[in-house]
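The values are calculated or read from the model by the stated rules, or taken from the named source; none is laboratory data. From a predicted model like this one, the values you see are computed outputs, not experimental measurements. When we count neighbours, we look across all protein chains shown, and the Cβ atoms used for this are built from the backbone with ideal geometry, even at glycine. All accessible areas refer to the heavy atoms of the entire protein, side chains included, with ligands and DNA or RNA removed. Shrake-Rupley method; radii C 1.70, N 1.55, O 1.52, S 1.80 Å.
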Amino acid sequence: MTVKFQLSTEQISQNINEVQKYLVSKELEGIYISSFDEFINEYVPMSDCHRYFFTGFSGSTAECFVPVVGKAKLYVDGRYHEQADLECDLDIIEVVKVPHNQEVRATLSEDLNNLGIKKIACEGQRTSVEFYKYLKANFNLAVIDESVFENIYTISEQLPLKTIYQLDEKLCGKSVNEKLADIFPNDGEAYFITAIDSLAWLTNCRGYHLPYLSSFLGKGIAVKDKVFVFVKEGVENSCDDEHVEFVSG
């Protein structure tokens, strides 16, 4: 992953200190921080990867846990053992090197159990449903809204996203209306779409909002004759398909 900007060790240390102060104020023992963005994408710019702000690690896959006291913990698999040691300040971050025969998240879960953690926080918008269910079932879980969490640490300004445009139908094989007809043989059904590649396919739209991907950041609700696409405020689009309606906010 290309790092567009760098955080100093002092900034990362400050971020860890700030989140630990927050944990103390809420009587929490630690916080889980994923590598995902709010669309649960793996490959995201470091400016939108909250794990990066507490570790300085730029790899695409890792897990992070910040305890209320002590070093932040970064969990990486064998691909990133050496990279994590080189990129992280080991005085403030503990790199947990996951064995080749074990999943990263399984190692994190095992570690949490060994630490005797009871009260934990997570970012609801950036935690997968599967891991959220695990945390909810095993801990006293506090879900932190992103707007609150962003006030805890230093964050850089996000670059504006590119304009979303629609490809020519000849390049897509089928129009949006034809795809909807294939998906919805009957009335009275709807699909909530969170996978950005699926949304790009159904709408025939592209945005190049993430590194190495042509898709765009958004979520959708599809019904028999239309796809409603929800994007962040300020994201422009040039799509004039009557079967695709963009909603910003």
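Starting at the first residue of the range 79-84, write each ³J(HN,Hα) from the Karplus equation 6.51 cos²θ - 1.76 cosθ + 1.60 with θ = phi - 60°, in whole Hz, x for Gly and Pro.
Rounded to whole hertz, the list is 5, 10, 4, 6, 4, 5.
For the chain, modelled as a Gaussian network with Cα springs under 10 Å, which listed residue fluctuates most, 35, 147, 128?
Looking only at 35, 147, 128, the largest GNM fluctuation is found for 147.
Enumerate the calculated ³J(HN,Hα) couplings along the range 91-101 in order (Karplus 6.51 cos²θ - 1.76 cosθ + 1.60, θ = phi - 60°), each rounded to whole Hz, writing x wherever the residue is Gly or Pro.
6, 10, 10, 9, 8, 9, 8, 6, x, 5, 9
Just to be sure I understand: with springs between alpha-carbon atoms less than 10 Å apart, which residue in 221, 164, 120 has the highest mean-square fluctuation in the Gaussian network model of the chain?
221
Just the number, please: carbon plus sulfur as a percent of the accessible area of the chain, 1.4 Å probe, no ligands or DNA/RNA counted.
Answer for the chain is 49 percent, counting heavy atoms of protein chains only.
Which whole-number percentage describes the relative contact order of the chain, with Cα contacts under 8 Å and a sequence gap of 6 or more?
16
Could you report the chain's accessible area per residue, 1.4 Å probe, as an integer in Å²?
So the chain comes to 52 Å² accessible per residue, rounded to a whole number.
Which links in 136/224; 162/224; 97/136; 71/133; 73/136 stretch past 32 Å when you go from one Cα to the other?
136/224
Plugging the Kirkwood radius over Cα pairs into Stokes-Einstein for the chain, at a temperature of 20 °C and a viscosity of 1.002 mPa s, what D comes out in µm²/s?
108
Give me the dipole magnitude in Debye, nearest 20, for the range 133-227 about the Cα centre, with unit charges on the beta carbon: positive for Lys and Arg, negative for Asp and Glu.
160
Give the angle, between 0 and 90 degrees and rounded to the nearest 10, that separates the Cα long axis of helix 129-138 from the longest principal axis of the Cα atoms of the chain.
40
By how many degrees, 0 to 90 and rounded to 10, does the Cα axis of helix 104-115 deviate from the longest principal axis of the chain?
Orientation of helix 104-115: about 40 degrees from the principal axis.
Can you give me the angle between helix 9-25 and the longest principal axis of the chain, using Cα atoms only, in degrees from 0 to 90, rounded to the nearest 10?
90
Residues with amide H under 5 Å of residue 248's amide H, sequence separation 5 or more or different chain, H placed in the peptide plane at 1.01 Å from N; which?
231
Place a +1 charge on the Cβ of each Lys and Arg in the chain and a -1 charge on the Cβ of each Asp and Glu, then give the dipole magnitude about the Cα centre in debye, rounded to the nearest 20.
With only Lys, Arg, Asp and Glu charged at Cβ, the dipole is about 440 debye.
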